[in-house]
1. In a shell of Cβ-Cβ distance under 13 Å around I125, excluding I125 itself, what net charge do Lys and Arg (+1) and Asp and Glu (-1) give?
2. Just the number, please: carbon plus sulfur as a percent of the accessible area of the range 60-152, 1.4 Å probe, no ligands or DNA/RNA counted.
3. Hey, can you find the accessible area per residue of the chain for me, probe 1.4 Å, expressed in square angstrom?
4. Only helices at least 15 Å long along their axis, Cα-based, and averaging 0.0 or more on Kyte-Doolittle count here, so list those DSSP H runs from the chain.
5. Of all chymotrypsin sites (Phe, Trp or Tyr not before Pro) in the range 70-149, which ones are in loop regions per DSSP and have a Cβ with at most 15 other Cβ atoms within 10 Å?
6. Quick check: net charge around L94, other residues with Cβ under 14 Å of its Cβ, Lys/Arg +1 and Asp/Glu -1?
7. Counting alpha carbon pairs within less than 8 Å and at least 6 residues apart, what relative contact order, in whole percent, applies to the chain?
8. Sorted by accessible area (1.4 Å probe), largest first, how do V75, V140 line up?
Amino acid sequence: NAIIGFSNILRTKMFGPMANAKQHEYIEDIHHSGEHLLELINDILDVSALEAGKLQLNEEPLDLRAVIDLTWRLVGTRAEDKGIHLRQNVPDTLAWLNADERRIKQILLNLLTNAIKFTPSGGRIVISADASADSFRLTVADSGIGMTADGVKKAPAALGAGDRALSRTAEGTARGPP
């Protein structure tokens, strides 16, 4: 809460303007990261509700383009530092959808951090989205190590608790291959 509060003071320029636009951009990222951390803490608290079958989604109109841009900024530097080429294939006029913003953001961050974690230098990550009157598709594709057919079958149950030796060699949200 302190990070969110102090970054909000800076981003609203309560004590005067910033020296340059880059500082404002960084403060925005710090603020959004603080909000995301708070959301993660809330997610941990939600685990008991999920286990009890009482987790409720907070569905509301969601600008997915804005969520994609935010998550992209949060992980983009890590990908660039690793020499991974990032690309978005998302229309500027992407339709809104009814969804739980926190859950969608967490899904995207997990997918992107795993893609970065398991994609070698020189690789690529592409995030795509499209919508029609009755469907919506969001895709994160990478040129990383991938999963075996057996791993794909086990993934929903294991939720990334795969190859522990590989996990210990890279940072990321999940513990196994994407």
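The values are calculated or read from the model by the stated rules, or taken from the named source; none is laboratory data. If you're wondering where the values come from, they're calculated on a predicted model, not measured in any experiment. When we count neighbours, we look across all protein chains shown, and the Cβ atoms used for this are built from the backbone with ideal geometry, even at glycine. Accessible surface is based on the protein model in full, side chains and every heavy atom, while ligands, DNA and RNA are left aside. Shrake-Rupley method; radii C 1.70, N 1.55, O 1.52, S 1.80 Å.
1. That sum, taken over residues with Cβ under 13 Å, equals +3.
2. 51 percent
3. Spelled out: the 1.4 Å probe surface of the chain, per residue, equals 63 Å².
4. Once both thresholds are applied, what remains is 64-81.
5. Here the sparse-neighbourhood loop sites are W96.
6. Numbers: positive: R65, R137; negative: D63, D69, D92, D130.
That sum, taken over residues with Cβ under 14 Å, equals -2.
7. In percent, rounded to a whole number, it is 17.
8. Of V75, V140, the descending order of accessible area is V140, V75.
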